[in-house]
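These notes are about the structure you will find just below.
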Amino acid sequence: SMSTPVLVTKSTQSKIVAVHADGDDDNDMSQTARGCFRGKSAAERQIGLQSRVLGTTFGHWLVLMTLALILIFVGALAWIVAGGNDEYEANIHDGFWYSYILFIDIGTHTGLPSSEAGIHRLVAVAISIIGFLWSILFLGMVVDLIRNFLDRLKAQYEKVIVRDHCLILGWGENMMFLLEELVAIMQKKSGKSQASTSNSVTGRICYCRRRALPMRIVILADKPAREMRQEVNMHFCMLGQDRLVNDTIRYKQGSRTNLTELVKVHAHQAEKIILMDSQESSNCTDQEAISTLLALGALPSDVAFKGDVWTVMHDKDSAKVVGTVLEGAEGVVAQWAVRQMLLLRALVPNVGYAMIQLSSYAKSSNQLSVQPVPPEFLGKSLQDVCCLFLHAVVFGVKQASNKSFHLLPEHGSYVFKEGDELFMLAADAKAATARRPASSVSSIKPVAVHLKDPGDIVQEDGQLLLGPTVREPQVVLMVGCPTDFAEILSFLDSCLPSMSEVHIVSSVEQEYRDQQLQRHFAKFGKTDFDRIAVTHHFGTRRDSHHLASLPLDRADCAMIFAERESPDELAIAVDSRSLVVAINLKHCLDERKKKGATRKKCKLVTEILDCKTRLVVESNDSVKATGSIVYTTACRTGVYAMALSDRSSYNAFMQVCDANVGNYITACDIADYVHGEETLSFYDLHDRVFQGCKGLLIGWRKKDKRHAELNPASKDEPKVWRRDSGDELLIVRCSSGISEVASPKRAPTTLLEDSLRSDVPPVPPLVPLVSPAQNGKEDGSPSPTPDPQGPVVDQDDFQLLKADLPGLVVDQDDSQT
């Protein structure tokens, strides 16, 4: 009998049988054990033996030593068969010993005299060669053991000896974009760029005099350091900067929530810390970020960190608790800012392009920076100061009395005070301070021409009129149904005029779409959108038949969203599907155009995520010809890098996207500021824009150019402008009606939230109509001339009004008022 349980394990099937044995259960236990082992087939036993012998380090050494014994024994037999010699006779004792000597010491056979029999020398050489090969295997395994042992020691005790560095915690799809932005920022701060280090003759980059970047970058992620280094080097090798990042970036494998790993990368001595997201959008990512913040806050008091901490968040509610979890930390939620760039790239293309350019250091020649107001500017007006810079444009004002970025409604009346700062748009800090020669600066003269009042950005019905392309009702196509499609529709509802249409085609079930919309409307007490009519289409995006069912002949713009079919789907797979959809949709539009069915040009915008896809697209003219490509991951990463580089510039950029502040980048037709054909410089146009709408001119887009130009060069050079050229100006404006559209109950933080308010004022009534008897003042004098830009009432509307209101008297001569 036995007093303890006996465990009989059947390893191949991962089953454990526990037998509690006592005096009466001996037979049952033995029968159960025999049954378990008898159940093994020959294949199972063979697999188990192979796993033990070939799948373990001990098995490898056992095989190697067994092979050595077999080879030595075979060599002894060969020596015996050869007959031996005078020194080593042909017996098992001498043969085995001589075979071992030849096998281990490969030079022994060279000691045989030339008079030795040929068979003896042949056997000796054969044993020596086999022994030499075995010794190589033996030494390789020894080296492998030593290397593994040293790797374990290195992983356990390695520390990154660095300070005042930029520490990146985590690894995700946007890592390559982030490194591009950080390298570009450090290059600009150090006063060098790829262009300055290139050979003007060969065009190749010269590294013979290269200098290390001013700040080291350390990456801590739960990924092998070798894989991280290879991926980064491969990416920057295609950009021609691989040797530069080799001197700048350090890698460390480990968990970012582990205190020991944080100390090893000197998190307490980092100048800047950024917490990356490991996935495109996930609540788990926000939770992991909070856990990392708790780990940073739990560092010992003697190693408490002093750097700025920025964490990438997806949810605004989670971002609000970042500062509470770790004092001084700030959450960056750039998802909606980037969404606005994508949507505006389709609705108001020049405004969307300008916002994309502002969000990137790596792909843009201009950047936002903050400059203190020089003493000589104190007492001057904003209008005077804007015309004093040679290579920069004024983007906004940061008042000393109001720490937030704000453009005053009355710019001309504002006078600079001590402590004020200017937001400048320039290539670098040096260009932002370059002044015009005093001889070329003239006092601002009043404009002699009559300027058309552009009106307020926020229209009476609540629409945000950001450009001339959204003055008339639009037909918008959404190819794909992302998880935030309800918020996207609300943003479209805020920017599009009444009677606009939005068509959504996707394979997402209609029931899911309805549930999301109902949940969204319930948050704001609404039942439908204010200005747009939404039509849902069900079908596969890649199917040309489903794409052809859309109103392509009436479409003004089409947006192809990166729709993930599963949470774990790779970004490059999503991009491949999006490009296929873009090519098919472009083909459908071209076919309609050939048949004459399309009456207007449709703006096509495609969302791309992965950095590898971007490299392919940028080198393929055929793909770029399908339409505009928006790299949303790169834009989002650019916003993170901007926050990491300059907090003030980041706040200024984010507030341009905030309707509650009321600052907007808008586009307007050149016809609003030019009469006929005129020759004007940038400063002349800026003067007219300032007097016309109290805005700041930051660039323009010529009709014959593909993209808009921010901070134009040669500002003193006069250019020919024609009223009917179709050129557009890019202006930073402040809305005077922002207080009327912002919700007093809920302070919105983004342009989207402002568009979702539930207390939007109703559509204003029509202009009152008066009878001929009342068409004048009480004293008999005629009424003032009506505004020609006022609402226009159609003749059919008059007939409907007279039918509904029989007592109404309509003056037909005044019908256009």
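Assorted remarks:
- Over the stretch 647-720, equivalent-ellipsoid semi-axes from the Cα gyration tensor in Å: 25, 14, 12
- Only alpha carbons enter this Debye calculation for the stretch 234-296, each as an equal point scatterer, and the log10 of I(q)/I(0) it gives at q = 0.18 Å⁻¹ is -0.83.
- Globularity index of the stretch 528-652, i.e. its alpha-carbon radius of gyration over 2.2 N^0.38 Å: 1.24
- Heavy-atom accessible area with a 1.4 Å probe sorts Arg577, Arg435, largest first, into Arg435, Arg577.
- Ranked packing of 501-514, 90-103, 224-237, most packed first, by mean Cβ within 10 Å: 90-103, 501-514, 224-237
- For the stretch 63-162, accessible area per residue (1.4 Å probe, heavy atoms of protein chains only), Å²: 64 Å²
- Accessible area expressed per residue, the stretch 687-730, with surrounding protein chains retained (probe 1.4 Å, Å²): 47 Å²
- Listed residue pairs exceeding 20 Å between alpha carbons, taken from Lys603/Lys715; Lys188/Lys363; Lys600/Lys703; Lys189/Lys430; Lys380/Lys694: Lys603/Lys715
- The overall shape of the stretch 54-170 is prolate: from the C-alpha gyration tensor, with semi-axes ordered a ≥ b ≥ c, the ratio a/c is 1.5 or greater and a/b exceeds b/c.
- Of all accessible heavy-atom area on the stretch 621-674, the percent that carbon and sulfur account for (1.4 Å): 44 percent
- The stretch 336-407: Rg to Rh, with Rh as the Kirkwood radius over Cα pairs: 1.04
- Heavy-atom accessible area for Lys398, with the other protein chains in place and a 1.4 Å probe, reaches approximately 40 Å².
- Magnitude of the charge dipole, the stretch 605-740, Cβ model with Lys/Arg +1 and Asp/Glu -1, debye to 20: 320 debye
- Each of the peptides 677-684, 167-174, 360-367, 637-644 was scored by the mean count of other Cβ atoms within 10 Å over its residues; in descending order, highest first, they stand as 637-644, 167-174, 360-367, 677-684.
- Peptides 473-480, 261-268 ordered by average Cβ neighbours within 10 Å, highest first: 473-480, 261-268
The values are calculated or read from the model by the stated rules, or taken from the named source; none is laboratory data. Note that the structure is a prediction, hence the values are computed from the model and not measured. When we count neighbours, we look across all protein chains shown, and the Cβ atoms used for this are built from the backbone with ideal geometry, even at glycine. When the accessible area is computed, the model is the full protein with side chains, heavy atoms only, and any ligands, DNA or RNA have been set aside. Shrake-Rupley method; radii C 1.70, N 1.55, O 1.52, S 1.80 Å.
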